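Asks: Just dropping this structure here.
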Amino acid sequence: MTSQLFSPIALRGLTLENRVIVSPMCQYSAEDGSATDWHLMHLGQLAISGPGLLVIEATGVEARGRITHGCLGLYSDANEAALARVLAFCRQHGKAKIGIQLAHAGRKASAQRPWEGRGPLLPKEGAWETVAPFPLPGSGAGSGATPVSERAWPMPRMMDRAEMDKVKAAFVQAARRSDRLGIDLIELHMAHGYLMHAFLSPISNQRNDDYGGNRENRMRYPLEMFDAVRAAWPEKKPLGVRISSTDWVAGGWDIADSVAFAAELKKRGCDYICASSGGVSEKQKLALGPGYQVPFAERVRRETGIATMAVGMILEPDYAESLVAEGKADMVALARGLLYNPRWPWHAAEVLGAQASYPLQYARSQPAKWPEAFRPAKAAE
């Protein structure tokens, strides 16, 4: 039987050779927003390992939109040049298409790196002012079981119309830089309590103007942002959105809201939804487990017809295969599973009887090319 996980998928003018996606994973290892040798190693090893798409980590569209001092940015010529060096390596040695997740951390910016404590920076540590839809302190809540810092988060400044226009322009400029870099796909980060999600959730958005209150108003700015980026991004290139499908808090943003939001995004030319969850409130109560977010991707896909990407504790090849084969998602994104096993696509292809790309330097590592006595059982069949 032909593997569905390793079948191609077309998104506008881009065709991925398979549906294994490297999820954007913050590395907290940039310098003034610019990629370093760590990114060359990190992204390079993943690019050669056979995924259909490699999505670069959450990348701040302005310096104050970074989560930490170590977060990647795409707001300066220096940022652009540093990333170009990394991309050149990935393209020379790997076949994965390359996307980037453009982001603004909002009230969750100006934070410590995870190994420093995850809390807000202090002035002596180089803290900066944060902005948000409404002046409520940030939250240490993350997607998944992220530890919460004991430090008190500062009050962000409420964004006025001029501030909203400034941030929107920063997203547009970052999209143009992405195009100059030859990036194949953009994913807008509208999840995990960061700026766009903060506008969507009634927990974090308590405005009383046209950008707060009912769901239509709370969706207004994120939709305006999407429209602006879509207009600046080449028509042939896909534009997707990562959402928090639910806040995991009673009275917060939920899956019904996400379906409505996805339907509006689809009308505007959105090509896929990556269905994540959580991150806006420390009161969240997650039901963690293998594929715990898959039902969100399945429901959004079923009720809107938009392509979806499932993400979250998807570790086993057979399970990933079943998600695509059974129509629960169109693509499967892996994060920590790939950090632990960067060659996951090779191993999954072997299990599923499929093919994944290898660089010429590593071609002899394919089990089918081992001496017969040492081949894994699957390769010997």
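Asks: Just the residues that are closer than 16 Å to residue 332 by Cβ and part of a loop (DSSP other than H, G, I, E, B), please, taken from the range 1-15.
Replies: Within the range 1-15, 3, 4, 5, 6, 7, 8 meet the criteria.
Asks: How many residues are closer than 28 Å to residue 301 by Cα and either among the aromatic types (Phe, Trp, Tyr) or part of a helix (DSSP H, G or I) (or both) if we restrict to the range 348-381?
Replies: 4
Asks: Further question: Out of (1) among the acidic types (Asp, Glu); (2) at pLDDT 95 or above; (3) part of a loop (DSSP other than H, G, I, E, B); (4) under 24 Å from residue 110 (Cα atoms), what's the single condition that is false for residue 187?
Replies: Result: residue 187 passes all but (3).
Asks: Confirm whether residue 5 is surrounded by fewer than 20 Cβ atoms within 10 Å (Cβ to Cβ), touching a helix residue (DSSP H, G or I) at 6+ places or on another chain (Cβ under 7 Å), in contact (Cβ under 8 Å) with a residue 12 or more places away in the chain and over 29 Å from residue 166 (Cβ atoms).
Replies: no
Rundown of residues vs (1) farther than 29 Å from residue 257 by Cβ; (2) hydrophobic (A, V, I, L, M, F, W, C), yes/no style:
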{"site": "291", "(1), (2)": "no, no"}
{"site": "298", "(1), (2)": "no, no"}
{"site": "310", "(1), (2)": "no, yes"}
{"site": "317", "(1), (2)": "yes, no"}
{"site": "322", "(1), (2)": "no, no"}
{"site": "333", "(1), (2)": "no, yes"}
{"site": "353", "(1), (2)": "yes, no"}
{"site": "358", "(1), (2)": "yes, no"}
{"site": "364", "(1), (2)": "yes, no"}
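Asks: Kindly list the number of the only condition in (1) in a helix (DSSP H, G or I); (2) within 24 Å of residue 20 (Cβ to Cβ); (3) of a type outside the set (S, T, N, Q); (4) in contact (Cβ under 8 Å) with a residue 12 or more places away in the chain that fails for residue 303.
Replies: (2)
Asks: Return the residues of the range 82-122 that are in contact (Cβ under 8 Å) with a residue 60 or more places away in the chain, hydrophobic (A, V, I, L, M, F, W, C), under 22 Å from residue 356 (Cβ atoms) and surrounded by fewer than 24 Cβ atoms within 10 Å (Cβ to Cβ); say none if nothing qualifies.
Replies: Once the filter is applied, which keeps residues that are in contact (Cβ under 8 Å) with a residue 60 or more places away in the chain, hydrophobic (A, V, I, L, M, F, W, C), under 22 Å from residue 356 (Cβ atoms) and surrounded by fewer than 24 Cβ atoms within 10 Å (Cβ to Cβ), the range 82-122 yields 87, 98.
Asks: Taking the stated definitions as given, is residue 294 closer than 23 Å to residue 186 by Cβ, of a type in the set (A, V, I, L, M, F, W, C) and either in contact (Cβ under 8 Å) with a residue 60 or more places away in the chain or buried (at least 19 other Cβ atoms within 10 Å of the Cβ) (or both)?
Replies: In short, no.
Asks: A follow-up question, please. Restricting to the range 306-319, name every residue that is touching a residue at least 60 places away in the same chain (Cβ under 8 Å) and over 18 Å from the mean Cα position of the chain (by Cα).
Replies: 317
Asks: Further question: Determine whether the range 181-203 contains at least one residue that is farther than 24 Å from residue 26 by Cβ and in contact (Cβ under 8 Å) with a residue 40 or more places away in the chain. Before the answer, list the steps.
Replies: Looking only at the range 181-203, we keep the residues that are farther than 24 Å from residue 26 by Cβ, and these are 202.
Next, only the ones that are in contact (Cβ under 8 Å) with a residue 40 or more places away in the chain stay: 202.
Within the range 181-203, one or more residues are farther than 24 Å from residue 26 by Cβ and in contact (Cβ under 8 Å) with a residue 40 or more places away in the chain.
The values are calculated or read from the model by the stated rules, or taken from the named source; none is laboratory data. Note that the structure is a prediction, hence the values are computed from the model and not measured. Cβ coordinates were reconstructed from backbone atoms using ideal geometry, including for glycine residues, and neighbour counts include every protein chain displayed.
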